[in-house]
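Data block below; observations after.
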Amino acid sequence: MGLAIQNLKKHKKQYVSFGIMLFIAAFIINIALVLNSQSSDAYDKQFEKLNTADINILIPLAQDDDNLLNEIDNLKGVTLTERHEGLYSKATIHNFAGTNFEMNTVFYRITDKRDINLLNVSNTVKNSKGTIYIPEYVSKLGGFSVGDTITYSIGKQDYSFSVGGTVSEMEYGNYGTNLIGAYLPKKAYKTLASRHRSNLVAEYSVKLKNNANLDTVKKRISSLISDKKITLLTINNRKTTKQARSMISNLLIAIFVAIAFIIFLISLFLSSFRIRNHIENELINMGVLKATGYTSSNIIMSEIIPYILTAAFASIAGTLISYTVLPSIADFLATQSGFSFRPIFDWSAILLSTGTTITVTGICTYFCARKIRRLEPINAIRGIDYKRTTKNHFPLATSKFSVKFSLILKQIFASLGQNILLFILTFGIMTLLAFSGTLLYNVNFKSDNFLKTISDEMPSAIFTVSTQDDLRQLKSTLQNDDKVKEVLGYTSVSLNYANGAITSFVSEDFSRVNNNIVYQGKNPVKSDEIAVGSALSKQYKIGSKVKITNDDRSYNYTVTGYIQSINNQGIVCELTDAGYQKISKMTPKSLNVYLKKGATAKNLIKKYKKKFPNMTSTNYEQLLANSSKMYAGIVSSVTVIIFIIAALVILLVMYIIINALIITRKREFGIYKALGWSNRQLILQLAFSFTPIISIAAIFSAIIDLSLVPIMNNAVWGMLGANKNHFEVSLAVLLAFAFILICISFIVSVVLARPIRKINPYSLLKE
């Protein structure tokens, strides 16, 4: 142990730099572990606390059956069923984060007694008149506080309410579920219901027995509803709802784990390099120790223990300090998920991260240090290691190059292991920068690429009218408008398939859409064709039939392709106008409007509101701009963090390597100084010796990343249901990052090589 402590004190700067690397890795991995475990556990606990239903269905109130409650309750696997009345509509929230936000909304009476889907209402104010209670998601993301006025549009009518409080509920939740709630006092609900009777629905909330299979019971309920010829408006379950609400959290966890893994791997590479270099430098001393009675195990442990102690201290410190930022991360996730949780101290996460770090560090350092067993004391004392041969690359006496350039080449070729390590580390860091830089480039500078990935369709504005005559007149007028580039019949409707509700995009011509979301196969063209979402791709193969129902009509469509959508859990489809007419008496009355460059949706809406006062409109341009702004802020923050981590890693890696080289070549540098070399010349010579391998690795990585980054993008966005991303990977951007990486590495090398100035040739002669 004494040898280990002595070694630790002698090379404390090396261990500090190693510890900083592990500190960062432990800091990040603990955040990921806490989010992964505590967020999920807190969600489940809140789910149980509020006795949330395992399955929720909505059916038209007009089609409700008096016996339906008992029939669902008697299904195998069901333990309790509760019924509530609500008003279901595609409502628009005005000034939601600066725009009009359209979302399927269910309005309930907050006064209704509930045994299932309980509500936790907070931040309430006493204002019985015109009050509404909104979910956390609407409050946090939409920017509505208690006492603010919030306006909903249902059909052609606007309703303004005062926010009376926020509601924590686990039934619906956020945009990803494609359904949110709103809760009204009895009187306000009665007024709303009297004006929109056709939108009234019956909600059946179902709790299952502990051993019941969720999907099986869901199919039983869907079959029962279908047999009774009742329209199933929506059906959601706890599994898909949790997935939708945890989408951003899971994405961040994946990114954090990847970064932590890379840093930890780099740390192990560096420890390996450091141990091998230390054995080489201390060969004589190790021979003396063996000759005086120290065993190989004693010397090996003196190498291993400092790393284990450093790993233990750094990982514990990293995990502990991570709790200072976890509340802020949890608040950010609450904005996206509509679910709040407070991270708590977790010993299991600390033990897991610390234990793994110590164990892996111990194993890695042992395999690096076991070479000591092969050292013969007499040979080690003489400075001889028969396992290592040294070749004199570019001898100065015969070299065709200048002395300075020959010295640089000698250093490059003399440290092959070091250069391989630098190549691997540079490649890894460059790939990390390429991924984050590509994300930043496509969100901040090529925002359409990002928006096309996360959006279904991207018009400038959406206009909706109530009659076919108005539709024809509006379309004709728009087509003659010199500001309008394209007018396309396009709408979104809720239909049903075998397992419940499905959102359908209906268009007169999918070849004219701005954002083609088909990632395999093709869009429907004929009236008997359909494209289905990624969630249905395993169930329905291309060429197979899928039965779509609406009210009392149904039709078997042929699947022509698969479409992506991060909304509604990928339970979506595409139908042509003619295809939709096979199952609906109604015809779509919505138009997507695409503007020419320079025109704004705001001015267009203002203009056509005067011509068509009964028209409803959505400023999709503003909605996309707000979404882009929000995500740009998130991505920029994550990218900056990655850049800081990358720069810190470069600094630590170069410090360890350069420090080791200066120690190893101290006498050599002293001789050069005695021969007349200046400090500046030696520092630049050392810095330039790293430049070729770093440059080759960075440029090679940039070229490889042209193919690698798209694979990484597909993997990350595929987790969210975006199987077809539109991200552009620019070689110019990648080469720019490579150049920056090379420059930073050179500057860092110059700064870290400054200890060469302290080398005194006279002192070396006296040693």
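The values are calculated or read from the model by the stated rules, or taken from the named source; none is laboratory data. Quantities reported herein were computed from a predicted structural model and do not represent experimental measurements. Glycine also receives a Cβ, built like all others from the backbone with ideal geometry; neighbour counts cover every protein chain displayed.
Return the residues of region 701-727 that are more than 18 Å from the chain's Cα centre (by Cα) and more than 21 Å from Phe256 (Cα to Cα); say none if nothing qualifies.
Passing the criteria: Ser701, Ala702, Ile703, Ile704, Leu706, Ser707.
Being touching a Leu at 6+ places or on another chain (Cβ under 6 Å) and more than 23 Å from Thr549 (Cβ to Cβ) is the filter here; which residues of region 59-77 pass it?
Answer for region 59-77, where residues must be touching a Leu at 6+ places or on another chain (Cβ under 6 Å) and more than 23 Å from Thr549 (Cβ to Cβ): just Gly77.
Hey, does region 86-109 have a residue that's over 26 Å from Asp456 (Cβ atoms) and surrounded by fewer than 18 Cβ atoms within 10 Å (Cβ to Cβ)?
No, every residue in region 86-109 fails to be over 26 Å from Asp456 (Cβ atoms) and surrounded by fewer than 18 Cβ atoms within 10 Å (Cβ to Cβ).
Would you mind finding the one in Lys219, Lys187 that is out of contact with any Asp or Glu (no Cβ under 6 Å at 6 or more places or on another chain), free of Cβ contacts under 8 Å to residues at least 60 places away in the same chain and not in a loop (DSSP other than H, G, I, E, B)?
Sole residue among the options that is out of contact with any Asp or Glu (no Cβ under 6 Å at 6 or more places or on another chain), free of Cβ contacts under 8 Å to residues at least 60 places away in the same chain and not in a loop (DSSP other than H, G, I, E, B): Lys187.
Identify, from the list Ile308, Ile279, Ile372, the residue that is closer than 28 Å to Val16 by Cβ, at pLDDT 80 or above and not assigned by TED's automatic domain parsing to the domain that holds Arg667.
Sole residue among the options that is closer than 28 Å to Val16 by Cβ, at pLDDT 80 or above and not assigned by TED's automatic domain parsing to the domain that holds Arg667: Ile308.
Being assigned to a helix (DSSP H, G or I), out of contact with any Phe, Trp or Tyr (no Cβ under 7 Å at 6 or more places or on another chain) and of a type outside the set (D, E, K, R) is the filter here; which residues of region 676-690 pass it?
Asn679, Gln681, Ile683, Leu684, Gln685, Leu686, Phe688, Ser689, Phe690
Any idea how many residues of region 553-564 are assigned to a strand (DSSP E or B), crowded, with 16+ Cβ neighbours inside 10 Å and not small (Gly, Ala, Ser)?
Qualifying residue count, region 553-564: 6.
Only one residue in Ser460, Ser476, Ser466 is modelled with pLDDT under 80 and either surrounded by fewer than 16 Cβ atoms within 10 Å (Cβ to Cβ) or touching a strand residue (DSSP E or B) at 6+ places or on another chain (Cβ under 6 Å) (or both), so which one is that?
Of the residues listed, the single one that is modelled with pLDDT under 80 and either surrounded by fewer than 16 Cβ atoms within 10 Å (Cβ to Cβ) or touching a strand residue (DSSP E or B) at 6+ places or on another chain (Cβ under 6 Å) (or both) is Ser466.
Can you go through Arg83, Arg114 and tell me which one is in contact with a helix residue (DSSP H, G or I) (Cβ under 6 Å, 6 or more places away or on another chain) and either under 22 Å from Asn237 (Cβ atoms) or assigned to a loop (DSSP other than H, G, I, E, B) (or both)?
Of Arg83, Arg114, the one residue that is in contact with a helix residue (DSSP H, G or I) (Cβ under 6 Å, 6 or more places away or on another chain) and either under 22 Å from Asn237 (Cβ atoms) or assigned to a loop (DSSP other than H, G, I, E, B) (or both) is Arg83.
Tell me the helices (runs of 4 or more DSSP H) entirely within region 1-49 that contain at least 1 residues that are modelled with pLDDT under 80, under 13 Å from Ile305 (Cα atoms) and hydroxyl-bearing (Ser, Thr, Tyr).
Those helices (runs of 4 or more DSSP H) span 12-34.
Quick check on this structure: which one of Ser678, Ser749, Ser695, Ser730 is more than 30 Å from Ile566 (Cβ to Cβ), among the polar types (S, T, N, Q) and touching a residue at least 60 places away in the same chain (Cβ under 8 Å)?
Answer to the check: Ser749.
Across region 497-555, what is the number of residues that are at pLDDT 85 or above, in contact with a Cys (Cβ under 6 Å, 6 or more places away or on another chain) and of a type in the set (A, V, I, L, M, F, W, C)?
Here the count works out to 2.
Given the residues Ile693, Ile711, which is the only one that is assigned to a helix (DSSP H, G or I) and surrounded by 14 or more Cβ atoms within 10 Å (Cβ to Cβ)?
Only one candidate qualifies: Ile693.
Out of everything in region 155-213 that is closer than 30 Å to Phe463 by Cα and of a type in the set (Phe, Trp, Tyr), what residue ends up being surrounded by the fewest Cβ atoms within 10 Å (Cβ to Cβ)?
Across region 155-213, the extreme among qualifying residues is Tyr159.
When only residues in region 315-349 that are of a type in the set (Ser, Thr, Tyr) and either touching a residue at least 12 places away in the same chain (Cβ under 8 Å) or not assigned by TED's automatic domain parsing to the domain that holds Leu50 (or both) count, which is surrounded by the fewest Cβ atoms within 10 Å (Cβ to Cβ)?
Looking at the filtered set, the residue picked out is Ser348.
Regarding Ile230, is this residue of a type in the set (A, V, I, L, M, F, W, C), farther than 21 Å from Leu119 by Cα and in contact (Cβ under 8 Å) with a residue 40 or more places away in the chain?
Answer is yes for this residue.
If you scan region 529-552, which residues turn out to be within 30 Å of Ala62 (Cα to Cα), free of Cβ contacts under 8 Å to residues at least 60 places away in the same chain and either part of a loop (DSSP other than H, G, I, E, B) or assigned by TED's automatic domain parsing to the domain that holds Val201 (or both)?
none
Test of understanding: among Asn419, Asn496, Asn449, which residue is of a type in the set (S, T, N, Q), part of a strand (DSSP E or B) and out of contact with any Lys or Arg (no Cβ under 8 Å at 6 or more places or on another chain)?
The conditions single out Asn496.
Kindly provide the set of residues from region 229-242 that are closer than 30 Å to Ser554 by Cα and either among the hydroxyl-bearing types (Ser, Thr, Tyr) or surrounded by 16 or more Cβ atoms within 10 Å (Cβ to Cβ) (or both), ordered by number.
Result: Ile230, Thr231, Leu232, Leu233, Thr234, Ile235, Asn236, Asn237, Arg238, Thr240, Thr241.
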